[in-house]
Amino acid sequence: MTGCAGLRVSAYVVSITADNCLRGFHGCLCCAAAAWRNLAALRPWQQFLFSTERLKLMTWNLGRARLGGDELARAEDLPHIMNVIEREKPDVVALQELASGKQLEMLARRLRGAYRGRASGRRARTVLLVRRRHTITETFELRTRNGRRAPALEFKRARIAEPITIVGVHADPFDARARRMFIEDLVAQTRPRKGLVFLIGDFNLDVAGDGRRGGDRASLTDRLAHDAESYSLLARHFVDAGKSAGATALLERRLDYVFARPRTVAPVRARTLDAAVGEMDHRALVVLTDLRAKPRMQLLPEARSTGTLER
């Protein structure tokens, strides 16, 4: 009798334990489902923290607001500029209005080989830099009908199967018709590129329509028409990833942009840095993008990059 009672007690204990395990498992499933729902409900910048397919881009015109004088970057400003880059650690940096190739060499030395890239022309006025951990597969230069050039490169990012093409842009600041021609050529020449494409830099497009740009050769009406058409062309093919950052230059004008293709690339956060010194008239624009939405992405093993800074 005692043995039977012991068996019944044991069976009861086993039943209670199994029931508790099932309840615990069910509770874990409910918690996991709730966590998934909460993650899906996060704001884009919060979801970005959980993403590994991300790209941080920075563009900065280093020139100065000096009419009739030397408007290019000053050598004494370079240490500050390099400190900002080292602090932000962007994947891609586009710089405009460097004064010379010597300044580019100083920049490369100070960054201690953390970046490699491409400069446009002998004087290296427009420069593209990519973090060394990314593998550059091609460097080239886009030439346009009005003679203006744009440095470009293609690289592979770890865990992203498709190539990423970056084009450094510095459009004409004084001729709206020339800007439009330049942008039309860049859009046409990048259209055959496979994978993801970013146009990044100082487009000098002031589409606000307030007439505050001085020195433009076109009338206000013509300038606004050309700039509006240029922006419309870009918006048809690219995402304006830096739009939420607002004004990037003196007189609260928005002249600097990051355009991304395909349109499924998600801008996560865009901001300007209050990092200008002296007579610099542009703020640095920093844009975080999420590449996860791109279809057919595949996970790839980590790759180590090699190479040196090209000019």
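The values are calculated or read from the model by the stated rules, or taken from the named source; none is laboratory data. Just so you know, these numbers come straight off a predicted model, no measurement behind them. Note that each Cβ is placed from the backbone with ideal geometry, even for glycine, and that neighbours are counted across all protein chains shown.
Data for the structure
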read-out	value
Restricting the stretch 170-205 to residues that are of a type in the set (A, V, I, L, M) and touching a helix residue (DSSP H, G or I) at 6+ places or on another chain (Cβ under 7 Å), the residue that is surrounded by the most Cβ atoms within 10 Å (Cβ to Cβ)	176
Restricting the stretch 129-155 to residues that are assigned to a strand (DSSP E or B) and touching a helix residue (DSSP H, G or I) at 6+ places or on another chain (Cβ under 7 Å), the residue that is farthest from residue 118 (Cα to Cα)	142
Selected residue (criterion: modelled with the highest pLDDT) from residues of the stretch 202-223 that are of a type in the set (A, V, I, L, M) and more than 23 Å from residue 285 (Cα to Cα)	220
Among (1) under 22 Å from the mean Cα position of the chain (by Cα); (2) modelled with pLDDT of 95 or more; (3) farther than 20 Å from residue 160 by Cα, the one test that residue 274 misses	(2)
Yes/no for residue 231 being among the aromatic types (Phe, Trp, Tyr), at pLDDT 90 or above and either surrounded by fewer than 21 Cβ atoms within 10 Å (Cβ to Cβ) or not in a strand (DSSP E or B) (or both)	yes
Yes/no for residue 159 being more than 21 Å from residue 234 (Cβ to Cβ), surrounded by fewer than 21 Cβ atoms within 10 Å (Cβ to Cβ), in contact with a Gly (Cβ under 8 Å, 6 or more places away or on another chain) and at pLDDT below 95	no
When residues of the stretch 244-271 are limited to those that are of a type in the set (Lys, Arg), over 18 Å from residue 170 (Cβ atoms) and at pLDDT 95 or above, the one surrounded by the most Cβ atoms within 10 Å (Cβ to Cβ)	261
Near pairs, Cβ below 6 angstrom, 6+ apart or cross-chain, from the stretch 46-71 (in the same structural domain as residue 91 (by TED's automatic domain parsing) and basic (Lys, Arg)) to any residue that is assigned to a loop (DSSP other than H, G, I, E, B) and at pLDDT 95 or above	56/90; 56/91
